[in-house]
Amino acid sequence: MPETLVFGKPTALTEVPTHYCPGCTHGVIHRLVAEVLDELDLTRRTVGIAPVGCSVLAYNYFATDFHEASHGRAPAVATGIKRARPDLIVFSYQGDGDLASIGLSEVLHCANRGEKVTVIFVNNAIYGMTGGQMAPTTMPGQVATTCPLGRDVEQAGYPIRIAELISTLRTPAFVARASVHSPLHAVHAKEMIRRAFRCQKEGRCFSLVEVLSTCPTNWGIPPAESLTWLEQHMLPYYPLGVFKTPEGPDRAPLPLFGGA
Amino acid sequence: MAQHDVVIAGFGGQGVLLVGKMLAYAGMRENKEVSWFPSYGPEMRGGTCNCTVVISDRPVGSPVVQHPSAIIVLNLPSLDKFEPLLRSGGLLCVNTSLIHRQPRRDDVRVVAVPANDIAIELHNPRGANMVALGAYVGSTGAVSERVLEEVIQETFAGKPGLVEANLQAFRRGVAIGRGESTQEVTA
Amino acid sequence: MAKKLMKGAEAMGEAAIQAGCRLFFGYPITPQNEIPEYMSARLPQVGGTFVQAESEVAASNMIYGAAGAGERVLTSSSSPGISLMMEGLSYIAGSELPVVVINIMRAGPGLGGILPAQGDYFQATKGGGHGDYRCLVLAPWSVQEAADLVQDAFDLADYYRNPVLILGDGLIGQMMEPVEFKADRRPCKPLAPKTWASTGWKGDRPRAIINSLFLDPEALERHNQKLAAKYAAMERDEKRVAEVGTDGQYEVLVVAYGTVARVVYTALDDLRQAGVRAAMVRPVSLFPFPYEAVRRAAEKAKAVLVAELSTGQMIEDVRLAVEGRVPVHFIGRQGGMLLTPEDIAARVRELAAGEGSHA
């Protein structure tokens, strides 16, 4: 009886085993991106940009051409690649320290110029690679190595909501937040990623998907419980959904007087 | 003469950078080595403005000249600033329409040009810079008058009305520079 | 093509376009704004792209991206902005990408001033950013040479897969001189196809990974040694120097680069007429520095005078070249003040007469 392949590895991923910690959801997000690239037939003309952070070695795992960026500058690098070669599909894959802290300027201006690139923003509420320091996305009260008593909002303010922040800009085409803490959420996340890349494929401007992710190692929580922790602590603060679509209205602020 | 170097100075808006470029361009047309260097930065904002033009038979050394062989000054602050720097025996073209003090140097040649008055008389009030340029060219022969007239024609080719007006202004200046004309102004 | 009277800044922009550069990323800063302004108007006319970046940090990473995708790319800035680009330059050098960067130097440190200076010599020639790397550094003294060197810079960058810095100053950017672009110009180096560029992997070549990360220390050491061999090749093959009067007899050798050398050139004229014998060596490439040419010329003099618009930076390379055989003296201005031919001539006279050895 002939065998029929019903499930396999996306061609956009290499055979290299990842270095990610047990229970980390980076691998899931890598796979979702790779599946989308394959399904949209983009893999062979895609160039990715790896950040500085846990996914610094993403170029070993994606079977596409890749640039390694300096810390936070991936959207600027993406701008350079896309402007040089508009025929390429360009995406950056960045963590929360990289994008929301040191690289906030680059991502905001890349989004605001409407660069025809896609940003995959992985938010796990902590610095992973450097060993669990506080991130701009760390939850209030959450313990990190540089806030051993928990994030004090009097000192460090509240976590940055990147999807909401970017969606206040008029230019970007597609901004969404998703999560991968359950299979159902992962299916939704893949759909968000698909819509983001489809925007780029259609020549529309900037798209960004924020993906909530776990970091059992630095959270100090076992993998299975990490998924629950994400659901209980991050989801209420970081709502999932689409914040901006190509067809959607500009989110203009309400008028001070005479507003509805 | 191996080298002519001149500082052209006045208020922003008097067109000193433009006539400097035209002079340099004329020199280039004559296959001479030329350089044009402007004042820039805060100096230029609202206040005086100047440029240095060097025209030479040999490659131009310093494009900035400490003691120029000529200065064209269109306003009083420029006279105050550059008169002391003029090389001994140099040429001082002074716009007597706007500068009412006498030059203090007695070791330089002075060409007094009522540039604004002549420009107004010619119904070309913005042409004072051309009059002053003419006086310099007429006096020094740094470039040929014919070539500079060609440059005027090219510079204002897009605004034909200005070509004739500026040629007239330039020629009036040349006449003064050559000493063929008195400084009397009928306007 | 006929001669045109052009500002140095614009001539450098046009030179980039003539060299096939179709991409510019930059951020405004005085005194070089004429370069981005020129490129923003000119690039669309030739199907190119101009992007005003949000910062010099971003600009330096945009050129990293564009160069990695295999295209010729230019940025320009002035001293404080170049400092911000040092991150990108280190990565570009580490990843072996060809870019051309123009620094129209202004007076520093810090915000400094906006007038011409040469205080970025160390930064340009000794690294600037972190890590063990070099940029090829070229310093024009005229608008024509600026245009020529910018065109050569693109060829050199591609050949060595290395950043090339054009080190000018406010004078060279602002002044106008006649420029000629030769229609039949040929590349100054043989150019190979950029098979290493990230253009989408279709399985017909190794994947293009544009990268400076080597976590394995042995691999990184091999990479460092590969870079070092490249810099050694530059030192062997890319020295550029101009000399004035070194074939004759002279008491004093002046060493200067960029527009300061113009001032020296005028001073030498005045000195010759006064019967004082002096000559000049003008390094055109600052890295690689023309040590041998300086040493050869210095050996014929009884004193060497280094003239710079700084408190003395290139003088260290001149001392290395001269190796103590001849006393090396310094004359400089700072803060945006310029050396005059009179300043230089006076100092040369002192040295020729055997005075002024206090410096």
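The values are calculated or read from the model by the stated rules, or taken from the named source; none is laboratory data. No experiment lies behind these values; they were computed from the predicted model shown. Cβ atoms come from the backbone with ideal geometry, glycine included; neighbour counts cover every protein chain shown. Accessible surface is based on the protein model in full, side chains and every heavy atom, while ligands, DNA and RNA are left aside. Shrake-Rupley method; radii C 1.70, N 1.55, O 1.52, S 1.80 Å.
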Open item on the list: To test your reading of the geometry: what angle, between 0 and 90 degrees and rounded to tens, separates the Cα axis of helix C:8-18 from the longest principal axis of chain C?
Closed with: 40
Task: Whichever aspartates and glutamates have a C-alpha closer than 18 Å to that of residue C:202, once near sequence neighbours (fewer than 8 apart) are set aside - done: A:15, A:35, A:38, A:39, A:41, A:65, A:87
Task: Selection of GluC sites (Glu not before Pro), the stretch B:103-187, meeting DSSP coil and at most 11 other Cβ within 10 Å - done: B:180, B:184
TODO: Would you mind computing, in nm to one decimal, how far apart the modelled labels at residue C:219 and residue C:346 are, each placed 7 Å from Cα along Cα→Cβ?
DONE: 6.1
Task: Solvent-accessible heavy-atom area per residue, rounded to whole Å², over the stretch B:34-187 at 1.4 Å - done: 43
Task: Apportionment of accessible area to carbon and sulfur, chain A, percent (1.4 Å) - done: 59
- [ ] Order the peptides B:2-14, B:102-114 from the highest to the lowest mean number of other Cβ atoms within 10 Å of their residues.
- [x] B:2-14, B:102-114
Open item on the list: Keeping all protein chains in the complex and leaving out DNA, RNA and ligands, what accessible area do you get for residue A:146 with a 1.4 Å probe, in Å² to the nearest 10?
Closed with: 90
- [ ] For peptide B:6-15, compute the average count of partner chain beta-carbon atoms within 10 Å of each residue's beta-carbon.
- [x] 0
- [ ] Give the dimensionless ratio obtained when the Cα radius of gyration of the stretch C:112-246 is divided by 2.2 N^0.38 Å.
- [x] 1.28
Open item on the list: Given points 7 Å out from each Cα along the Cα-Cβ axis, report the residue C:3 to residue A:9 separation in nanometres with one decimal.
Closed with: 6.6
Open item on the list: Report the Rg/Rh value for chain C, based on alpha-carbon coordinates and the Kirkwood definition of Rh.
Closed with: 0.99
Task: Buried area at the C-A interface (accessible, heavy atoms, 1.4 Å probe, summed, Å²) - done: 2600
Task: the stretch A:1-49-the stretch C:167-182 distance, computed between alpha-carbon centres (Å) - done: 53
Task: Other protein chain Cβ atoms within 10 Å, averaged over every residue that makes up C:46-52 - done: 2
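For the ranges A:204-210, B:91-97, what's the packing order if you count other beta-carbon atoms within 10 Å of each residue, average per peptide, and put the highest first?
My ranking of the peptides, most packed first, is A:204-210, B:91-97.
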Open item on the list: Please report, in whole Å³, the volume per residue of the convex hull around the C-alpha atoms of the stretch C:241-352.
Closed with: 84
- [ ] Taking only the C-alpha atoms, wrap a convex hull around the protein assembly as shown and report its volume per residue in Å³ as a whole number.
- [x] 228
Task: Shape parameters for the stretch C:1-101, alpha-carbon atoms, Rg then Dmax in Å - done: 13.0, 40
Open item on the list: Per q in 0.12, 0.16, 0.17 Å⁻¹, report the Debye log10 I(q)/I(0) for chain A, using one uniform scatterer on each alpha carbon and no solvent.
Closed with: -0.67, -1.19, -1.33
Task: Amide H contacts of residue A:179 (H built 1.01 Å from N, under 5 Å, at least 5 apart or other chain) - done: A:189, A:212
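Taking R0 as 22 Å, what's the FRET efficiency between residue C:45 and residue B:157 from their Cβ-Cβ distance, rounded to 0.05?
Efficiency, from the Cβ-Cβ distance: 0.60.
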TODO: Calculate, for the stretch C:4-237, the solvent-accessible area per residue in square angstrom, rolling a 1.4 angstrom probe over the heavy atoms of the protein chains.
DONE: 34
Task: residue C:185/residue A:130 FRET efficiency (R0 45 Å; Cβ-Cβ; nearest 0.05) - done: 0.35
Task: Average partner coverage of C:174-187, which counts Cβ from other chains inside 10 Å - done: 4
